[in-house]
1. Being over 23 Å from the mean Cα position of the chain (by Cα) and among the β-branched types (Val, Ile, Thr) is the filter here, so list the residues in region 156-211 that pass it.
2. I'm trying to understand the selection: among the residues of region 31-84, which are under 37 Å from the mean Cα position of the chain (by Cα), at pLDDT 80 or above and among the aromatic types (Phe, Trp, Tyr)?
3. Only one of these is outside any helix (DSSP H, G or I), within 30 Å of Phe96 (Cα to Cα) and free of Cβ contacts under 8 Å to residues at least 24 places away in the same chain: Leu286, Leu264, Leu290. Name it.
4. Collect the residues in region 99-153 that are free of Cβ contacts under 8 Å to residues at least 60 places away in the same chain, exposed (fewer than 15 other Cβ atoms within 10 Å of the Cβ) and assigned to a helix (DSSP H, G or I), keeping them in residue-number order.
5. Restricting to region 220-229, name every residue that is surrounded by fewer than 21 Cβ atoms within 10 Å (Cβ to Cβ) and in contact (Cβ under 8 Å) with a residue 12 or more places away in the chain.
6. Within region 85-96, can one find any residue that is buried (at least 16 other Cβ atoms within 10 Å of the Cβ), part of a helix (DSSP H, G or I) and of a type in the set (Lys, Arg)?
7. Using the structure shown, decide if Pro261 is in contact with a helix residue (DSSP H, G or I) (Cβ under 9 Å, 6 or more places away or on another chain), of a type outside the set (Val, Ile, Thr) and modelled with pLDDT of 90 or more.
8. Scanning for something within 10 Å of the chain's Cα centre (by Cα), over 30 Å from Glu285 (Cα atoms), surrounded by 17 or more Cβ atoms within 10 Å (Cβ to Cβ) and polar (S, T, N, Q), does region 251-261 turn up at least one residue?
Amino acid sequence: MIVRERPSLYDILFAMRGSILPRIAGRLVVIAALSVGAVWLARWRPAVFAPLSATPFTLIGIALSIFMSFRNSACYERWWEGRKLWGQLIIASRSFARQTASLDAETRRQLLYSLCGFAHGLNARLRGEPDAPRVAAWSAARAWETLPNPTDAVLADIGLQCRRLADEGRIGEIHYSVLEAQLTEIGHVQGGCERIAATPLPFAYSLLLHRTAHLFCLALPFAFAGSLGWWTLLPVLLVSYTFFGLDALSDELQDPFGREPNDLPLDAMTRLIERDLRAALGEMELPPPLTAHRFVLL
């Protein structure tokens, strides 16, 4: 995730880190070259461009911008829902740690360390990385590599430990139901995150907008070359930057759990959960919080 202060005029003009420009620079170069070619062709054969008008492109551009805003809103909604789910995970983890304060030190350590393993495992799983090694680093209770979903399995183990404590009379049924409610909330977070990660936007919808935006920007120079001459470059590049930029930004936001600059900082949030749970155990040597590197927080 990009972490920057409010951009100054210098940042607006020259900032590249966090900008979508590097991703679309190649396409803008192609559009600029095509615009130059269209202007030369308009000077060589002006009669060919005389019937062309920018009015149809204006109407098409308005319709295309509306459709792209719908897609951009849908992608941002996925990004924001992912952020809310991880916020719920942070809250539920802190609540679970607080509600285990009456347990003996070793039992509490096992529960909270397993919860750390869950957070690390969910992080890895959402990013398409193996989650078993991340879980095993915090809990050696099982052979996690043999399980289809180690992240869910470690959460189930925490629930079994809580049930065992209730059966042994070390916690009451009310206390157990409170702990189970937090684990259920954490399970809902995992399910919601996996739903977002496993359900992309419909391919046909995205493909339609990709094609329409590219065809529109490729044809736009020919509509302006006859009337604007070399000034064609200015409106064509501005429109292309906007459409290509929104298109590329939507591609980043529709998968909010990746490692692109505008994705969610799962590593930083996982570290926050780890620090909170270990601090609840009274540990003093905590890992430092992750900070942004070159304005990017992972």
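The values are calculated or read from the model by the stated rules, or taken from the named source; none is laboratory data. Source: prediction; values computed, not measured. Quick reminder, even Gly has a Cβ in these numbers, built from the backbone with ideal geometry, and neighbours come from all protein chains shown.
1. Hits for region 156-211 are Ile158, Ile171, Ile174, Val178, Thr184.
2. Those that are under 37 Å from the mean Cα position of the chain (by Cα), at pLDDT 80 or above and among the aromatic types (Phe, Trp, Tyr): Phe67, Phe70, Tyr76, Trp79, Trp80.
3. Values: Leu264 fails: free of Cβ contacts under 8 Å to residues at least 24 places away in the same chain; Leu290 fails: free of Cβ contacts under 8 Å to residues at least 24 places away in the same chain.
Unique residue meeting the criteria: Leu286.
4. Scanning region 99-153 gives Glu106, Pro133, Glu145, Thr146.
5. Across region 220-229, the qualifying residues are Ser227, Gly229.
6. Yes - at least one qualifying residue is present in region 85-96.
7. no
8. yes
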